[in-house]
Amino acid sequence: MRKYLFSAVLAVASIAGCKSKQSDTKNQPAPDNTARNARDRAAMPVADEAVSAPGDLALTKEIRKAVVDDSSLSMDAHNCKIVVNNGVVTLVGPVKTVAERDRVQQLALAVVGDDQKVLNKLEVVTNN
């Protein structure tokens, strides 16, 4: 009899624990950034719009390498979008801090050499 009672109590506790976890996740933001991506596609250049000119590809590659090689940057900053079209670089995506936003811009400027050709549209998002 005790076995059955213990099993019943354990089952009820398990169900209650699952329900409390489900209610906690309802208040959590979605783990992906699908909504942000849709917004960015509508208002900002995306990688698909980059021209495949050899010079633009070389700039993209060099800027991406500089960003990825900078260990002070977060994963968000490492994954920002770098769109080069006719020598004009557009930086898009979320970063964790203003310092990261500025650092990615500095890295792009170091490669391009002309601050008029780097458009910084990186967005500081602190609740990532």
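Bear in mind that the values in this text are calculations on the coordinates, not laboratory data. These numbers were taken from a predicted model, which means no experiment stands behind them. Cβ atoms come from the backbone with ideal geometry, glycine included; neighbour counts cover every protein chain shown.
Backbone phi angles across the range 69-75, fed through the Karplus curve with coefficients 6.51, -1.76 and 1.60 (θ = phi - 60°), yield HN-Hα couplings of 6, 7, 6, 7, 8, 6, 4 Hz in residue order; Gly and Pro are listed as x. Listed values for the range 80-91 are Karplus-derived 3J(HN,Hα) couplings in whole Hz (6.51 cos²θ - 1.76 cosθ + 1.60, θ = phi - 60°), namely 4, 7, 10, 10, 10, 9, 6, x, 9, 9, 10, 9, and x replaces Gly and Pro. The label point for N79 and the one for A53, both projected 7 Å from the Cα toward the Cβ, are 3.1 nm apart.
Amide H contacts of V118 (H built 1.01 Å from N, in plane; Pro and chain starts excluded): V89 sit under 5 Å, all sequence-distant by 5 or more or on other chains. The distance between label points at S7 and S72 comes to 6.2 nm (points 7 Å beyond Cα on the Cα→Cβ vector). Full extension of the chain segment joining N86 with V124 gains 11.0 nm, where the gain is 0.36 nm per residue of separation less the Cα-Cα distance.
Note on V98 and K61: the extension gain reaches 10.9 nm, defined as 0.36 nm multiplied by sequence separation minus the Cα-Cα distance.
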